[in-house]
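Every number here is computed from the coordinates shown, using simple stated rules; none is lab data. All figures in this text were calculated on a predicted structure; none of them were measured in a lab. When we count neighbours, we look across all protein chains shown, and the Cβ atoms used for this are built from the backbone with ideal geometry, even at glycine.
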Amino acid sequence: MVPESPLTRKASLLISATTGAANAGTWNLGDLTVNRIGFGAMRLTQNGAAFGDDRGPHDRDRAIAVLRRAVELGVNHIDTAAFYFSPLRSANELINRALGPYADDLVITTKVGPGRGPGGDWLDWAEPGQLRGQVEENIRQLGRDHLDVVNLRMNGPAPISEQFGALADLRKEGLIRHLGLSNAWPDQIAEALAIAPVVCVQNRYGIGERRADSEDILRTCGELGIAFVPFYAIAAGGREAGADITAEHEVLLDIARAHDASPAQIRLAWTLRRGPHVLAIPGTGNPAHLEANVAAGALRLTEDETGRLTALGHSAG
């Protein structure tokens, strides 16, 4: 018999019939209620070796199993995009294959703005007239007749009124239910709100990994009832590019030991502690990591622990 890994054993202890994604509470994206622990699909299409997984690119069956297990654990908010694909697979089509026909309470959030052509060439920023095609492609890949939430992904602090206005028109047509922003700057949030309701803002945010304006944006979102959805909450400091994930700050390690948890779980617990409107969308292609991520919703950091972690600072940019 293969020995059970510490990560798997810890996840098994933390997850029970009464502990799953719902344990972290819920938030509303417009009229759609989601559990605050969700799932990010980007890593399902990437090389697993970059994230400490020596199996190489995640195989299709394993990715499908992870998606189905996420839903079994109560995850009902999945973040994806049509440009999450590799030569081997597409995140959207994996979601369609694994979870279709979709449960009524499953909310799928996607992104447009950037994109890739048929040959995989990268498009940094779509013109307003190109956004319909991107929305329709997400609909096709996911096997739906509309999209629950579409985030306009920005590539810097430039004005967005034309692009967001085009998405607002598609919302009026019924192709999109709700709108959000990704990689947003304060002026862009105000600009978008003048055009149509915004239900979420996705920005890079984590322990030691946040822009100088991040706390203001987080607070503004809370005041306006907008969900704040950090990406790379676990993969801070370049870890999404495959950097060493074993070197963690001693404060983080100390708090992790106190809770008999992993540093990644503490990162997620801190994320959720930033406000009731903060959602987490950790991504993984590893079943044990998935269970540990969901289990992090049960961790309760003290005020002192939260303050010590917050004090680790932020990066510029």
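Structure data summary
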read-out	value
Long-range HN-HN contacts of ILE176 with modeled amide H, under 5 Å	LEU147, ARG171
GLU223/ASP187 FRET efficiency (R0 22 Å; Cβ-Cβ; nearest 0.05)	0.85
Contact order relative to length of segment 246-299, as percent, for alpha carbon pairs under 8 angstrom and 6 or more apart	33 percent
Rounded FRET efficiency, nearest 0.05, which uses the C-beta distance separating ASP124 from THR33 and R0 of 25 Å	0.15
Cβ crowding within 10 Å averaged over residues, with 259-269, 82-92, 97-107 ranked highest first	259-269, 82-92, 97-107
Cut-off under 5 Å, modelled amide H: who pairs with ARG116 long-range	LEU123
Estimated inter-spin distance, ALA311 and ASP105, nm [label 7 Å along Cα→Cβ]	4.0 nm
In sequence order, calculated HN-Hα J values of segment 266-277 (Karplus, 6.51, -1.76, 1.60; Hz; x Gly/Pro)	5, 4, 5, 4, 5, 4, 5, 6, 6, x, x, 8
